[in-house]
Amino acid sequence: MALGGSLTVIPRYQKYLFVLLLVGSLIMAIVLWNLRERAHQRLVAGEDSAPTQAPEVAPSEQATLVVANDSDSSLLTQVRSLPLPEDPGSRARAVLGKLLDLYAAPDATHPVPGGAASVAQVFLLPAPQLGVVPPSSSHPAAPDPHFRDPRFADPVAKTSATPPQPSGSQLAVVNLTGSFVSSHPSGIETETLTVLSICATLHANLPNVTQVRFLVDGEPHPTLAGHADLTRTYLASDAVSQ
Amino acid sequence: MRSINWALAVLVAGGLAALPAFAQQPPSALGPQSRFVVVLDAAHGGDDPGARLGSGQPEKALTLVLSVKLRSLLAARGIQVVTTRESDATVDSNNRAETANHAAAQACLILHASESGSGVHLFASSLAPAPPTHFGAWKTAQAGSVTRSLALAGALNSALQRSGIQVTLGRTALPTMDSMTCPAVALEIAPERDGQKLVAGLDNAGYQTRLVRALADALLEWRSEAH
């Protein structure tokens with residue numbers, strides 16, 4: 001057979017074997033493809049994409065906003081209809097958000113930029129007992145945030161006839177954003193009005209809130225914009241009574 | 001040696017003899033009781049510019065100008081004045097209160113300025129009144145003087161209104177004021193407006209003079225009431 005070179009001849013059984021293996025591979029590929037498609041169909045069929053719960057829209061309720069007015073340094077009560085959540089903390093945040101939205105509006109009576117996003121959280125905690133002496137109301141002052149810090153409560157005041165906090169009283173801790181504080185106009189009057197209106201609005205909508213403290217980005221902060229003290233505990237009831 | 005002993009004996013005897021006389025002196029001749037001291041606190045300063053006013057100048061500059069003018073006017077009327085700053089220096093709020101408390105002043109005025117509102121906003125501390133104590137808490141030291149602070153605010157209010165300056169009374173939580181033991185009032189001076197119309201800006205020299213004179217008159221009146 002060899003004519004001046006070597007010729008390699010593939011045996012016949014190897015040819016048959018090659019064709020058989022090729023056909024088997026094709027068949028297996030088709031089967032695997034079909035299995036994959038079936039598995040995909042099963043997965044898609046098992047996934048329940050139908051809504052399991054209807055989207056919850058809180059019903060609109062009457063909310064009382066105590067709105068500051070720079071022109072006459074007053075606090076005016078406005079009643080607005082707002083969708084308010086059931087959870088008291090979320091409710092407090094929603095109400096304060098609406099109040100700060102009013103302040104961020106172009107025609108605001110107390111212009112403060114920031115809006116609803118300025119209130120990061122509102123935490124409601126059981127109110128500590130404070131050594132509070134009822135302030136005299138003879139001074140014809142408009143805003144009047146009486147407060148006592150429990151860490152620095154006056155020992156004489158504690159021994160005097162201090163009305164106890166009603167049972168169920170709550171301390172609201174309002175966590176403001178740093179951007180709100182840094183953009184707040186600086187001044188005693190404007191900062192005091194902001195603090196008072198927040199305290200009064202909280203008390204008007206959540207009567208159990210009797211004390212208010214402030215944080216900025218989760219940390220204690222000395223003042224709102226250089227003037228109003230934010231390290232104190234404010235008594236909300238006194239603010240709302242103005 | 002004997003002469004030294006004699007000299008010592010004379011000194012000791014003289015000192016012992018002088019002691020009763022010293023103790024019998026009325027307190028008014030010794031301490032600050034007889035003095036009438038006013039503390040002027042020009043708010044902000046140094047790194048703390050305060051608010052940006054309409055004229056472009058920072059609040060710290062205007063409060064210092066008003067403090068210097070008022071100090072001169074009071075000194076000319078025989079009133080001793082202590083200021084918390086005389087230059088564009090950073091002064092901590094605790095240091096300001098310490099200065100006022102060491103001065104044992106009969107009146108402390110904290111000067112602020114703002115473009116918001118009209119006239120002068122007078123603020124007394126929002127602390128509830130409490131009996132004066134020798135060892136009060138630092139952050140509520142003003143509680144013992146709140147009643148007198150309200151009276152001082154009333155005297156300032158009367159004098160300013162007599163000068164035709166619009167006054168708004170209020171109470172606030174100001175850390176510097178709350179740590180002062182003297183009768184203290186924070187003044188936030190705003191431009192003079194007639195409705196929305198600007199009558200006199202904060203940089204108006206005439207307005208500043210009228211304001212400072214009214215404050216000086218009020219402090220003279222306060223001194224006569226205190227004595």
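Table: residues versus (1) of a type outside the set (A, V, I, L, M, F, W, C); (2) farther than 23 Å from residue A:184 by Cα; (3) touching a residue at least 40 places away in the same chain (Cβ under 8 Å); (4) not in a loop (DSSP other than H, G, I, E, B).
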residue	(1), (2), (3), (4)
B:66	no, yes, yes, yes
B:82	no, yes, yes, yes
B:110	no, no, yes, yes
B:128	no, yes, no, no
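Quick check on the range B:131-152: of everything there that is assigned to a loop (DSSP other than H, G, I, E, B) and closer than 14 Å to residue B:180 by Cα, which residue is farthest from the other protein chains (Cβ to nearest Cβ)? If you could, list the steps in order and put the result at the bottom.
Start the filter on the range B:131-152 by keeping residues that are assigned to a loop (DSSP other than H, G, I, E, B), which leaves B:131-137.
Add one more test, that the residue is closer than 14 Å to residue B:180 by Cα, and what stays is B:132-137.
On the way: B:132: 9, B:133: 6, B:134: 11, B:135: 9, B:136: 7, B:137: 4 Å.
Across the range B:131-152, the extreme among qualifying residues is B:134.
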Test: residue in the range A:73-87 that is within 17 Å of residue A:190 (Cβ to Cβ), under 20 Å from the mean Cα position of the chain (by Cα), at pLDDT 90 or above and within 14 Å of chain B (Cβ to nearest Cβ): no
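Among the residues of the range A:181-205, write down those that are out of contact with any strand residue (DSSP E or B) (no Cβ under 7 Å at 6 or more places or on another chain) and either buried (at least 24 other Cβ atoms within 10 Å of the Cβ) or not in a helix (DSSP H, G or I) (or both).
So in the range A:181-205, the residues out of contact with any strand residue (DSSP E or B) (no Cβ under 7 Å at 6 or more places or on another chain) come out as A:182-186, A:190-191.
Matches in the range A:181-205: A:184, A:185, A:186, A:190, A:191.
Only one residue in B:160, B:122 is more than 9 Å from every other protein chain (Cβ to nearest Cβ), crowded, with 19+ Cβ neighbours inside 10 Å, closer than 23 Å to residue B:224 by Cβ and of a type outside the set (S, T, N, Q). Which one?
Working: B:122 fails: more than 9 Å from every other protein chain (Cβ to nearest Cβ).
Of B:160, B:122, the one residue that is more than 9 Å from every other protein chain (Cβ to nearest Cβ), crowded, with 19+ Cβ neighbours inside 10 Å, closer than 23 Å to residue B:224 by Cβ and of a type outside the set (S, T, N, Q) is B:160.
Of a type in the set (Gly, Ala, Ser), assigned to a strand (DSSP E or B) and surrounded by 21 or more Cβ atoms within 10 Å (Cβ to Cβ), is that true of residue B:170? Steps first, answer last, please.
Details: of a type in the set (Gly, Ala, Ser): yes; assigned to a strand (DSSP E or B): yes; surrounded by 21 or more Cβ atoms within 10 Å (Cβ to Cβ): yes.
In short, yes.
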Flag if residue B:221 is over 25 Å from residue B:92 (Cα atoms), away from every other protein chain (no Cβ under 14 Å) and either in contact with a Lys or Arg (Cβ under 6 Å, 6 or more places away or on another chain) or surrounded by fewer than 16 Cβ atoms within 10 Å (Cβ to Cβ) (or both): yes
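Residues B:93, B:145: which one is out of contact with any Cys (no Cβ under 7 Å at 6 or more places or on another chain) and not hydrophobic (A, V, I, L, M, F, W, C)?
Working: B:145 fails: out of contact with any Cys (no Cβ under 7 Å at 6 or more places or on another chain).
One residue alone meets the criteria, B:93.
Here's the yes/no breakdown for (1) more than 28 Å from residue A:225 (Cβ to Cβ); (2) part of a helix (DSSP H, G or I):
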| site | (1), (2) |
| --- | --- |
| B:60 | no, yes |
| B:63 | no, yes |
| B:75 | yes, yes |
| B:87 | no, no |
| B:90 | no, no |
| B:94 | no, yes |
| B:99 | no, yes |
Search result, residues across the range A:95-124 that are in contact with a helix residue (DSSP H, G or I) (Cβ under 8 Å, 6 or more places away or on another chain) and among the small types (Gly, Ala, Ser): A:97, A:104, A:108, A:114, A:115, A:116, A:117, A:118
Criterion violated by residue B:173 - all others in (1) among the aliphatic types (A, V, I, L, M); (2) more than 30 Å from residue B:78 (Cβ to Cβ); (3) more than 9 Å from every other protein chain (Cβ to nearest Cβ) satisfied: (3)
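Being of a type outside the set (Gly, Ala, Ser) and facing chain A (nearest Cβ under 10 Å) is the filter; apply it to the range B:176-198 and report the residue that is farthest from the chain's Cα centre (by Cα). Step through it out loud before you land on a result.
Keep residues of the range B:176-198 that are of a type outside the set (Gly, Ala, Ser), which gives B:176-178, B:180-183, B:185, B:187-189, B:191-194, B:196-198.
Those left that are additionally facing chain A (nearest Cβ under 10 Å): B:176-178, B:187-188, B:193, B:196.
Numbers: B:176: 11, B:177: 10, B:178: 13, B:187: 11, B:188: 14, B:193: 27, B:196: 32 Å.
Among them, the one singled out is B:196.
The values are calculated or read from the model by the stated rules, or taken from the named source; none is laboratory data. A quick note: this is a predicted structure, and the numbers were derived from the prediction, not measured. Cβ atoms come from the backbone with ideal geometry, glycine included; neighbour counts cover every protein chain shown.
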